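Reviewing the structure listed below.
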Amino acid sequence: MTVMADAESAKSLSGLLNGIAQRRYYGNKDITEELLKRELYPDLSQDEFKALLEKMVGLVKSIVSADMDLNQIEAFLTAQSKKQGGITAEQAAVLGKFWKNHKKKIRESMISQIKWENTLKGMKWRIDLKSQSRNADQVNTPVAIVEMEIGKNGKESEFLCLEFNETRINQMLKRLSEVEGSITELTQNS
């Protein structure tokens, strides 16, 4: 009977940890504290559930903020299981398995959440001949038309359209070459 109880306990804790990850790191606002209690721990009092939830949120937060590798998580969980009022060995095993399965996805989610700047989502370009100009000598000169799609994932993009004459293209190519040289220098010094 205790093997069955341990399996149920591990399953409930695993569900709780997945719920914490869904809500805190994957942005699923449908996962509420009430839902987790009702579905996973209906027999616990509200205070007991709240204490368990806070303990698990705190542990997951510590693990995520330290971006623990497998050795670090093992040492951390061992220390937590030996600490007065800490976690059980079974809970440590469930936490270790949870982190092993979710580390990459949580890390990617955290990185995407902390990006402030927009990203280049797409770029198109073409070469045209200028057909109208204030100066007659600029008609039929080649121009590069560049259209960039800029935005954040999940949000509406903005489009930027640029027109470059030959001089501006040469300036841009020179600047890109300088940037490439700086990047090469940085990677060689790392």
Yes/no for LYS104 being loosely packed, with under 12 Cβ neighbours inside 10 Å, charged (D, E, K, R) and either in contact with a strand residue (DSSP E or B) (Cβ under 6 Å, 6 or more places away or on another chain) or farther than 21 Å from GLU8 by Cα (or both): yes
Test: GLN84 is out of contact with any Gly (no Cβ under 6 Å at 6 or more places or on another chain), open to solvent by 100 Å² or more (accessible area, probe 1.4 Å), farther than 30 Å from PHE164 by Cα and assigned to a loop (DSSP other than H, G, I, E, B): yes
Given (1) under 30 Å from MET110 (Cβ atoms); (2) open to solvent by 70 Å² or more (accessible area, probe 1.4 Å); (3) assigned to a helix (DSSP H, G or I); (4) at pLDDT 85 or above, number of the condition SER182 does not satisfy: (2)
Test set (1) touching a Ser or Thr at 6+ places or on another chain (Cβ under 8 Å); (2) assigned to a helix (DSSP H, G or I); (3) open to solvent by less than 60 Å² (accessible area, probe 1.4 Å) - LYS97 fails condition number: (3)
Close pairs from segment 164-175: first within 9 Å of ALA144 (Cβ to Cβ), partner basic (Lys, Arg), Cβ under 9 Å, at least 6 apart: ASN165/LYS130
Any hit, segment 14-37, residues being hydroxyl-bearing (Ser, Thr, Tyr), in contact (Cβ under 8 Å) with a residue 40 or more places away in the chain and within 26 Å of GLN84 (Cα to Cα): yes
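Answer yes if at least one residue in segment 80-92 is touching a residue at least 60 places away in the same chain (Cβ under 8 Å) and under 17 Å from ALA21 (Cα atoms), and no otherwise.
yes
The values are calculated or read from the model by the stated rules, or taken from the named source; none is laboratory data. What you are looking at is a predicted structure, and each value in this text was computed from that prediction instead of being measured. A quick note on method: Cβ atoms are made from the backbone with ideal geometry, for glycine too, and the neighbour counts reach across all protein chains shown. Keep in mind that these areas ignore ligands, DNA and RNA; they rest on the heavy atoms of the full protein, side chains included. Shrake-Rupley method; radii C 1.70, N 1.55, O 1.52, S 1.80 Å.
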